[in-house]
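Please read the structure below before turning to the comments.
The values are calculated or read from the model by the stated rules, or taken from the named source; none is laboratory data. Small disclaimer: the values here were computed from a predicted structure and weren't measured. Glycine also receives a Cβ, built like all others from the backbone with ideal geometry; neighbour counts cover every protein chain displayed.
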Amino acid sequence: MQCSRCHKEITESQAYVNKGKVYCEDCLMDIGLSGRECDPWATYVDHRTREQAGMKGTEGLTEMERQVYDFVKGKGKATRQEAMKALKMTDTELQLQLIPLLHADMVKEKSEGGQQFLVVIDASHDQFHRGKV
């Protein structure tokens with residue numbers, strides 16, 4: 001696998017996908033993105049970017065990101081294992097698709113009964129979460 005920006009050879013575990021392009025970690029940082037799921041700055045930047053571009057709902061998502069989003073939304077809540085099985089993805093593939101969804105505040109993980117579930121963040125929660133209510 002090759003970084004689409006610097007063309008360095010990288011392994012699947014070193015690859016980050018953003019808008020259908022594969023990046024190494026250095027290039028991801030250079031373009032101002034983060035490959036970490038829990039990154040408050042990346043969440044702020046991604047949310048503001050979508051907001052300023054006027055993107056609503058699933059606009060701007062890749063096909064795979066949309067599949068993950070639609071699966072979680074359709075189920076109401078789902079474990080990562082359920083999503084991997086249903087969408088025929090590896091743990092790494094799912095993680096790469098979740099990062100933009102988590103950063104854009106479209107999906108979050110919540111603990112319930114000692115288990116982690118992916119859930120879609122609805123507009124009313126988002127307004128409360130952003131302090132707009």
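Given K85, K73, which one is surrounded by 14 or more Cβ atoms within 10 Å (Cβ to Cβ), at pLDDT 85 or above and under 21 Å from V120 (Cβ atoms)?
Exactly one residue qualifies, and that residue is K73.
Scan the range 59-70 for residues that are buried (at least 16 other Cβ atoms within 10 Å of the Cβ) and either basic (K, R) or part of a helix (DSSP H, G or I) (or both) and report the count.
Here the count works out to 6.
Go over the candidates T90, T79 one by one and state the one that is modelled with pLDDT of 80 or more, hydroxyl-bearing (S, T, Y) and in contact with an Asp or Glu (Cβ under 9 Å, 6 or more places away or on another chain).
T90
Take the residues in the range 15-40 that are assigned to a helix (DSSP H, G or I) and out of contact with any Lys or Arg (no Cβ under 9 Å at 6 or more places or on another chain), then tell me which one is modelled with the lowest pLDDT.
In this case the residue turns out to be P40.
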